[in-house]
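Student: Here it is: the structure, laid out below.
The values are calculated or read from the model by the stated rules, or taken from the named source; none is laboratory data. The shown structure was predicted, so the numbers you read here are calculated from the model rather than taken from an experiment. Don't worry about glycine lacking a Cβ; one is built from the backbone with ideal geometry, like all the others, and counts go over all protein chains shown.
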Amino acid sequence: MAKIVLGLATSHSPMLALDAEQWVKYAKADLQHTGLVYPPEGFSMTYDEGLAKVPAAIKEKPLTMAVFEEQVSRIQIAIAELAKTFAEAKPDVTVIVSDDQDEWFFEDNMPKFSVFWGDSVPIIPRTIAVGRQEPDVAQAIADGYGDVRLDVPVNKELGRHIIEYMGQHDFDVSHFNYIKDTYGGSIGRRYPRKDGEFNVVRDTEPVNQGLPHGYAFVVKRIFENKALPIVPVFQNTCYPPNQPTVRRSYQFGEALKGALDSWDSDLRVAVVASGGLSHFVVDEEMDWFVLNGLKDKDPEMLKAIPRERLWSAASETQNWITVGGLLHETELNFEVVDYLPVYRTPAGTGGGWGFGRWV
């Protein structure tokens with residue numbers, strides 16, 4: 001059977017590609033955000049509603065250049081440490097568990113779980129989003145998810161084995177083995193409000209879309225732009241109504257472990273969780289709950305996280321929980337490389353950026 005030699009978990013926010021001055025520019029967009037989800041109730045709010053809700057301790061967080069520069073430095077050190085750990089492990093193939101956000105999946109086809117098993121996937125440098133951010137910020141974000149075109153090999157044998165194994169063990173996963181020339185479509189963001197539901201549809205015009213950002217980030221920053229073999233595993237964390245529950249994400253990881261154990265191969269496998277932790281509003285309590293649950297190898301603790309703490313992009317934390325389920329019965333143990341609750345406005349917007357490894 002394959003040997004699991006390493007687990008990694010990393011945030012992949014656009015902020016991780018920016019310097020401190022660009023953080024200030026990036027934060028301006030939060031003032032117009034209408035669908036921020038606030039803990040602990042998980043209600044969606046506008047920026048002004050959130051600002052009125054948060055306690056004084058959050059409003060008074062120092063949002064200075066010195067604070068941002070120190071956080072930027074720590075983030076880059078943590079990512080470099082994960083890249084070093086990965087290089088030292090020398091895996092033959094890496095299974096990346098992440099999610100798609102308006103890239104390959106839209107509401108004409110939004111599977112709960114999916115596995116790609118084609119020969120390879122391209123990383124295509126992204127066209128900057130004109131008007132949403134200042135040009136230097138937009139370019140840095142685009143480059144953060146791949147600044148050179150790469151053809152990333154996929155271990156299609158492992159991909160197919162995972163698909164077949166999951167089907168035999170009560171997980172009906174979607175699969176695909178080629179990508180289209182262009183991708184586009186519509187997705188609704190449906191999150192509870194105190195007075196009903198936030199329901200906004202975003203339309204994406206068809207574009208030449210390479211490997212989605214959660215996976216491309218790993219290739220760019222953890223692989224350091226080396227085209228190394230991967231298997232992309234998707235779960236729909238962000239978009240109701242067919243999100244997996246937290247319990248199901250953990251069980252999905254346990255089943256992935258079975259797939260790797262039963263694969264007739266002597267290859268060395270790494271597993272990476274990409275995304276999270278809390279954002280677009282910082283939830284330090286939830287982030288540490290997850291980090292401690294992974295560290296303690298406490299499945300019931302992890303599976304008990306309520307949905308209201310994981311609406312919107314905070315749901316990417318489920319990718320960490322999936323990998324926690326996968327590695328629970330191994331000899332690898334989780335450690336936090338760094339965790340930074342990054343507040344970028346007085347309304348508590350920002351994210352809990354986390355970096356961890358199972359070694």
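Student: Of everything in segment 60-97 that's among the polar types (S, T, N, Q) and not in a loop (DSSP other than H, G, I, E, B), which residue is surrounded by the most Cβ atoms within 10 Å (Cβ to Cβ)? Steps first, please.
Tutor: Narrowing segment 60-97 to residues among the polar types (S, T, N, Q): 64, 71, 73, 76, 85, 94.
The next check asks that each one be not in a loop (DSSP other than H, G, I, E, B); those that pass are 71, 73, 76, 85, 94.
On the way: Gln71: 21, Ser73: 11, Gln76: 13, Thr85: 18, Thr94: 25.
Filtering first and then ranking leaves Thr94.
Student: Moving on. Which residues, counting only those in segment 122-164, are surrounded by 14 or more Cβ atoms within 10 Å (Cβ to Cβ), among the hydrophobic types (A, V, I, L, M, F, W, C) and in a loop (DSSP other than H, G, I, E, B)?
Tutor: Ile124, Ile128
Student: Now, a different point. Starting from segment 300-328, take each residue that is over 12 Å from Tyr191 (Cα atoms) and list its partners that are of a type in the set (Phe, Trp, Tyr) and modelled with pLDDT of 95 or more, counting only C-beta distances under 6 angstrom and pairs at least six apart or across chains.
Tutor: Qualifying pairs under 6 Å: Leu302/Tyr250; Lys303/Tyr250; Ile321/Tyr250; Thr322/Phe252; Gly325/Tyr250; Leu327/Trp358.
Student: Please indicate, with yes or no, whether at least one residue in segment 181-192 is at pLDDT 95 or above, assigned to a strand (DSSP E or B), among the β-branched types (Val, Ile, Thr) and under 20 Å from Gln32 (Cα atoms).
Tutor: Yes: segment 181-192 contains one or more residues that are at pLDDT 95 or above, assigned to a strand (DSSP E or B), among the β-branched types (Val, Ile, Thr) and under 20 Å from Gln32 (Cα atoms).
Student: Sticking with this one: List pairs: first residue in segment 235-253 and under 16 Å from Ser186 (Cβ atoms) and modelled with pLDDT of 95 or more, second residue assigned to a loop (DSSP other than H, G, I, E, B) and among the hydrophobic types (A, V, I, L, M, F, W, C) anywhere in the structure, Cβ distance under 8 angstrom, at least six positions apart or on different chains.
Tutor: These pairs meet every condition: Asn236/Phe105; Asn236/Met110; Tyr239/Met110; Asn242/Met110.
Student: May I pose another question? Does Glu41 satisfy being farther than 30 Å from Glu254 by Cα and either part of a loop (DSSP other than H, G, I, E, B) or not small (Gly, Ala, Ser) (or both)? Show your work before the answer.
Tutor: Values: farther than 30 Å from Glu254 by Cα: no; either part of a loop (DSSP other than H, G, I, E, B) or not small (Gly, Ala, Ser) (or both): yes.
Answer is no for this residue.
Student: Being part of a helix (DSSP H, G or I) and within 25 Å of Asp181 (Cβ to Cβ) is the filter here; which residues of segment 211-241 pass it? Walk me through it before giving the result.
Tutor: Restricting attention to segment 211-241, the residues satisfying the condition of being part of a helix (DSSP H, G or I) are 213-222.
Once the filter is applied, which keeps residues that are part of a helix (DSSP H, G or I) and within 25 Å of Asp181 (Cβ to Cβ), segment 211-241 yields His213, Gly214, Tyr215, Ala216, Phe217, Val218, Val219, Lys220.
Student: Can you name the number of the only condition in (1) more than 14 Å from Tyr339 (Cβ to Cβ); (2) of a type in the set (Val, Ile, Thr); (3) crowded, with 24+ Cβ neighbours inside 10 Å that Ile305 fails?
Tutor: Among (1) more than 14 Å from Tyr339 (Cβ to Cβ); (2) of a type in the set (Val, Ile, Thr); (3) crowded, with 24+ Cβ neighbours inside 10 Å, the lone unmet condition for Ile305 is (3).
Student: Which of the residues spanning segment 98-120 are more than 21 Å from Leu256 (Cβ to Cβ), outside any loop (DSSP other than H, G, I, E, B) and touching a Pro at 6+ places or on another chain (Cβ under 7 Å)?
Tutor: Within segment 98-120, the first condition is being more than 21 Å from Leu256 (Cβ to Cβ), and the residues that meet it are 101-103, 106-109, 119-120.
In the following step, the residues that additionally are outside any loop (DSSP other than H, G, I, E, B) were identified as 106, 109, 120.
Matches in segment 98-120: Ser120 only.
Student: Next question, about the same structure. Under 22 Å from Asn109 (Cβ atoms), surrounded by 21 or more Cβ atoms within 10 Å (Cβ to Cβ), modelled with pLDDT of 95 or more and of a type in the set (Phe, Trp, Tyr), is that true of Phe217?
Tutor: Values: under 22 Å from Asn109 (Cβ atoms): no; surrounded by 21 or more Cβ atoms within 10 Å (Cβ to Cβ): yes; modelled with pLDDT of 95 or more: yes; of a type in the set (Phe, Trp, Tyr): yes.
No; evaluated as a whole, the condition is false for this residue.
Student: Ala270 fails exactly one of the following numbered conditions: (1) more than 17 Å from the chain's Cα centre (by Cα); (2) more than 26 Å from Gly348 (Cα to Cα). What is the number of that condition?
Tutor: Tallying (1) more than 17 Å from the chain's Cα centre (by Cα); (2) more than 26 Å from Gly348 (Cα to Cα), Ala270 fails exactly one: (1).
Student: Cβ-Cβ below 9 Å, separation at least six or inter-chain, first residue in segment 28-45 and without any contact (Cβ under 8 Å) to a residue 40 or more places away in the chain, second among the acidic types (Asp, Glu): which pairs?
Tutor: Lys28/Glu134
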